[in-house]
Amino acid sequence: MSEQVKSLDQKTFIRLERLFLITLGCIGICLLAGFLIFNSFLKDQKNDASILNVAGKQRMLSQKISKELLQLQNHTQNAVILPELKSSIKEWDSVHSHLLKYFENNSFSDQILLNQLDQTFKTLHKTANTALQLQQEVSTMGLQNQIHSFLEVEPQYLSQMDKVVKHYELDSTEKIKNLQTLQLILLVLGYALLLIIFTVVLRPSAKHSSRIIKELLTAEQKANEMASNADKLRHEKERSVNQLMALNLVMEQSLLFARIDTEGYIVNAGSKFSGYFNYSLGNTYSKFTEVIAKNPKDQQYISTIIDTHKNTGWQGEVKGSNSEGETSWFEISINPYHPSDQPAALLVICFDITDRKNAQSKINQLTQEHFQLEMEQQKELSSKIIENQEQEQNRIAKDIHDGIGQMLTGLKYNIESINIDNPEKTAEKVEQLKVLTSEIINGVRTATFNLSPPELTDYGIVASISKLSHELSKFTSKDIQTINKTDFNSRLDTLVEINIYRIVQEAVNNAIKYAESSQILISISHSQDMLSIIVDDNGKGFDPNHITPNSQDQGGMGLTFMKERIKYINGRLFISSNKKVGTRITLNIPL
């Protein structure tokens, strides 16, 4: 590398520096010359453009004066036209003087055309001023003659102005052609100069530098590749060694690991395997099945698995024994192993799953016992429900027979005993029949209300609970009230409403029958996703933890039915009772 650096001597750099400076100087001179030439051309173009603008303005003013002169014939607009005409003539004269100065400064080549233009302008200018004076003297005939003269001479003036403009256009076109020729020459000189620079300076120096840089990069790349390959080999070797050591350590300390031959004899075993089964490889050459299992049937089963799956591998659960001879369960994995310099072998990894098997067995046993217990409870609950239904039906039949039936029988006898021949007793019998009929109607209404209130079907749960509290308050003479705190009035599913009504009915009946309450308050409130109904009473209270389904006289079955109903509609039931305060039953039903 040092020889390659020395080949780039100072003389080469000095020569290249001089060539670059000369080249840059030539380019700078060419750019400066082009800049000056183009700047001069732009200045001329600016002057020509000014002349063309002034000439165009003169044409416009002459036409404007013609128009205004024609409008002078209409005397009604003289007050407006005269000031504008005076202003136009004055501006026309000023612009003409300005145009002549441009011609003098730019050395107009066709002086004859310029003199003709000036003479025509003066004629038109004089005619316009004369027409203006005649208009002020109110000479109509003279005014028309002057206007006619102006209109006759104006086309000549416009034609002469067009010739002037065309003359300048020809001059500008010639200048542009000369500039294009000069531009082409400068472009050719610039390309020639760039070609010379490329051939004499850039190409040789680029080739020389490229060759040296290429050699340096090639040498550096080879050195880097050699160093990188060496580092990779070293890191790979270290990583492989570390992984192998870590793997061996993990397998030795954490796995029940052993390597056996195809006949089932142990070739090598890990430290945890040796300690777990109290096995020492140096003492004896033992079979794998005899080490992990003591029962001949278990040994035969494991041997069959090894013989069958020694070429394909296997994973599953087997029963064996630990070092103390106790029955254990293992999940083993058999993997074929084919080292290149050693006979074929099998890698066997064991996991002790005895605790898991025992736990699973216990779970199965508990599950079976729980299932049987639930079945017994369900049978008992079904029996109680059927018994309660029978009792309810008997009660309804008894109420109808003893109440409504007796009253209907009395009604029949009273009707039959009416003697129309005795008006006084007949009137007395009719009054008795009215009273008895009212009692029958109340009895039928009470029985119907207990079975299924019509408000529940027609108006919903709030109306039916309000009706329940009103009727029970009237029948029992107790203070029973319903408060709808959040004005809940939505309808729910029919089965949900029926079960809510029965739970509230049961809670109120229990408060009346067992708690001996004098005041019962039913509070209804709701949120976006929850309906809450609270039944409070001031009764004697009870201990919810000591109520059993068998103590029906204490309302035990009623509470059981309430819990079953609330579970059926996916709600929750909370019971809070105190012997000094009373009882609160809370129902939370999802909306």
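The values are calculated or read from the model by the stated rules, or taken from the named source; none is laboratory data. These numbers come from a predicted model, not from an experiment. Virtual Cβ from ideal backbone geometry, glycine too; neighbours counted across all protein chains shown.
Quick look at the values:
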{"quantity": "Among (1) touching a Ser or Thr at 6+ places or on another chain (Cβ under 6 Å); (2) among the hydrophobic types (A, V, I, L, M, F, W, C); (3) in a helix (DSSP H, G or I), the one test that Ile498 misses", "calculated": "(1)"}
{"quantity": "Unmet criterion (only one of (1) at pLDDT 75 or above; (2) farther than 29 Å from Ile29 by Cα) for Leu187", "calculated": "(2)"}
{"quantity": "From Ile65, Ile51, residue being at pLDDT below 75 and buried (at least 17 other Cβ atoms within 10 Å of the Cβ)", "calculated": "Ile51"}
{"quantity": "Region 497-515 residues that are over 20 Å from Val462 (Cβ atoms), paired with ones that are surrounded by 19 or more Cβ atoms within 10 Å (Cβ to Cβ) and acidic (Asp, Glu) (beta carbon under 8 Å, 6 or more apart)", "calculated": "Ala515/Asp537"}
{"quantity": "Helices (runs of 4 or more DSSP H) (entirely within region 262-323) containing at least 1 residues that are out of contact with any Leu (no Cβ under 7 Å at 6 or more places or on another chain) and either surrounded by fewer than 16 Cβ atoms within 10 Å (Cβ to Cβ) or outside the structural domain of Gln342 (by TED's automatic domain parsing) (or both)", "calculated": "271-277, 296-309"}
{"quantity": "Sole residue being at pLDDT 75 or above, basic (Lys, Arg) and closer than 30 Å to Leu495 by Cα, chosen from Lys467, Lys398, Lys434", "calculated": "Lys467"}
{"quantity": "Answer from Ser240, Ser205 - the residue that is in a helix (DSSP H, G or I), assigned by TED's automatic domain parsing to the domain that holds Ile51, of a type in the set (Ser, Thr, Tyr) and at pLDDT below 80", "calculated": "Ser205"}
{"quantity": "Residue within region 492-500 that is hydroxyl-bearing (Ser, Thr, Tyr), within 54 Å of the chain's Cα centre (by Cα), modelled with pLDDT of 90 or more and surrounded by fewer than 20 Cβ atoms within 10 Å (Cβ to Cβ) present", "calculated": "no"}
{"quantity": "Those residues of region 461-491 which are in a helix (DSSP H, G or I) and loosely packed, with under 13 Cβ neighbours inside 10 Å, in sequence order", "calculated": "Lys474"}
{"quantity": "Residue within region 30-48 that is of a type in the set (Lys, Arg), closer than 30 Å to His167 by Cα, at pLDDT below 75 and assigned by TED's automatic domain parsing to the domain that holds Gly142 present", "calculated": "yes"}
{"quantity": "Glu390 exposed (fewer than 15 other Cβ atoms within 10 Å of the Cβ) and modelled with pLDDT of 75 or more", "calculated": "no"}
{"quantity": "Check on Lys379, modelled with pLDDT under 80, loosely packed, with under 12 Cβ neighbours inside 10 Å, of a type in the set (D, E, K, R) and more than 51 Å from the chain's Cα centre (by Cα)", "calculated": "yes"}
{"quantity": "Residue satisfying all of: in region 466-491; of a type in the set (Val, Ile, Thr) and over 15 Å from His526 (Cα atoms); nearest to the chain's Cα centre (by Cα) among these", "calculated": "Ile480"}
